[in-house]
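Quick notes on the structure that follows.
The values are calculated or read from the model by the stated rules, or taken from the named source; none is laboratory data. Here the structure is a predicted model, which is why all the values come from computation and not from measurement. Here the Cβ is made from the backbone with ideal geometry for all residues, glycine too, and neighbour counts use every protein chain on show. Ligands, DNA and RNA are stripped out before the accessible areas are found, and what is left, the full protein with its side chains, is counted by its heavy atoms. Shrake-Rupley method; radii C 1.70, N 1.55, O 1.52, S 1.80 Å.
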Amino acid sequence: MKMLINVPETVVTDALRGLAAAHPELTVDVENRVVVRRDAPVEGKVALVSGGGSGHEPLHSGFVGRGMLDAACPGEVFTSPVPDQMARAAAAVDSGAGVLFVIKNYTGDVLNFDMAAELAEDEGVQVAKVIVNDDVAVTDSLYTAGRRGTGGTLFVERLAGAAAEEGAPLDRVAALAQRVNDGCRSFGVALSACSTPSKGGPTFDLPPGELELGIGIHGEPGRERRAMMTSGEIADAAVDAVVTDLRPDGPVFLLVNGMGGTPLLELYGFNAEVRRALGERGVPVVRTLVGNYVTSLDMAGASVTLCRADDELLRLWDSPVRTPALRWGC
């Protein structure tokens, strides 16, 4: 398997050096693996900190900036960052208004963020936490107890980040983040396995002509394998899974997310089928985001995330955001 890397041992470090070179609006501590918006701490503002294993880019480092995260902590590929990283990030961005940890529901992430919260609180930083668990495909996987955190993470980071940018206090930012998480559901499909730098090849076997429904972002097994389906058939399966669980009774935000190896030509075609499927089920969409946002290295495939929308959340979504991977209004 050919990869555009030097050696597997320096993949994350090399990527952070490149991120720093491309985005002077960020402060990138390559040695300690902490990415911070350069103007942090912002006086009087609640700070958002998130992180997770590398290999899901642009999640999370690509979402650091105005209107989203104040800091992100990348771990090794598919490996949680360590508590010291998170505590260091919290100290770097805390203005005295407190810090919200946004945590995807994977066992290592949850345990390490819990320890980091204790370390930060020992240093006088007030910490609140939200655990993102939006995936409807399976409960209890190789990496977690309960539902996995996937595409809904983007909505939590964006909408809670926007509220924090407006000056909302920590309790309100945390409550809004929980409300967004509770209103998010996701379902992913893999057309190929992903390849990690350390392995140099596929992490699981997916024979030609088959796909995996309900895949996780680390390549964890889904609900079932089937013979290859058309874009429309995949859209119906994903939308059925999400809508059946979420039961939306109003408008939604939609994320049609690539897993890293699917071109935009295919993703936009898939979006057309997802919108058709939602229309047939009477689900109105107020905003749509299409692209590779919560990825799994080079995996071919896609995920569908729906998030309940209301007037407040729509206003927050449309407010200015400026990060490496998501920006509008500024």
*Of residues in the stretch 112-157 being modelled with pLDDT of 95 or more and among the aromatic types (Phe, Trp, Tyr), the one nearest to ALA92 (Cα to Cα)*: PHE113
*asked:* What's the number of the only condition in (1) touching a strand residue (DSSP E or B) at 6+ places or on another chain (Cβ under 8 Å); (2) outside any loop (DSSP other than H, G, I, E, B); (3) open to solvent by 10 Å² or more (accessible area, probe 1.4 Å); (4) more than 19 Å from LEU306 (Cβ to Cβ) that SER95 fails to meet?
replied: (2)
*Going through the stretch 17-64 one residue at a time, which ones are open to solvent by 30 Å² or more (accessible area, probe 1.4 Å) and either of a type in the set (Asp, Glu) or over 29 Å from CYS194 (Cα atoms) (or both)?*
PRO24, GLU25, THR27, ASP29, GLU31, ARG38, ASP39, PRO41, VAL42, GLU43, GLY44, GLU57
*the stretch 169-191, subset surrounded by fewer than 18 Cβ atoms within 10 Å (Cβ to Cβ) and not basic (Lys, Arg), residue nearest to GLY152 (Cα to Cα)*: ASP182
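Go over the candidates THR150, THR139 one by one and state the one that is part of a loop (DSSP other than H, G, I, E, B) and either of a type in the set (A, V, I, L, M) or in contact with a strand residue (DSSP E or B) (Cβ under 6 Å, 6 or more places away or on another chain) (or both).
THR150
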*Tell me, which residue of the stretch 1-16 that is in contact with a strand residue (DSSP E or B) (Cβ under 9 Å, 6 or more places away or on another chain) and over 20 Å from LEU69 (Cβ atoms) is least open to solvent (accessible area, probe 1.4 Å)?*
VAL11
*asked:* I'd like to know if the stretch 70-83 contains one or more residues that are in contact (Cβ under 8 Å) with a residue 24 or more places away in the chain, within 13 Å of the chain's Cα centre (by Cα) and part of a helix (DSSP H, G or I).
replied: no
*Mind listing whichever residues of the stretch 157-189 are touching a residue at least 60 places away in the same chain (Cβ under 8 Å) and among the polar types (S, T, N, Q)?*
SER186
*asked:* When you check ALA241 against the structure, is it modelled with pLDDT of 95 or more, among the hydrophobic types (A, V, I, L, M, F, W, C) and in contact with a helix residue (DSSP H, G or I) (Cβ under 9 Å, 6 or more places away or on another chain), yes or no?
replied: no
*Is it true that LEU48 is in contact (Cβ under 8 Å) with a residue 60 or more places away in the chain, under 18 Å from ARG158 (Cα atoms), in contact with a helix residue (DSSP H, G or I) (Cβ under 7 Å, 6 or more places away or on another chain) and part of a loop (DSSP other than H, G, I, E, B)?*
no
*Would you mind telling me which numbered condition in (1) under 25 Å from LEU100 (Cα atoms); (2) modelled with pLDDT under 95; (3) touching a strand residue (DSSP E or B) at 6+ places or on another chain (Cβ under 6 Å) GLY201 fails?*
(1)
*Looking at (1) out of contact with any strand residue (DSSP E or B) (no Cβ under 9 Å at 6 or more places or on another chain); (2) closer than 27 Å to ARG315 by Cβ; (3) surrounded by 15 or more Cβ atoms within 10 Å (Cβ to Cβ); (4) of a type in the set (D, E, K, R), find the lone condition where ASP236 falls short.*
(2)
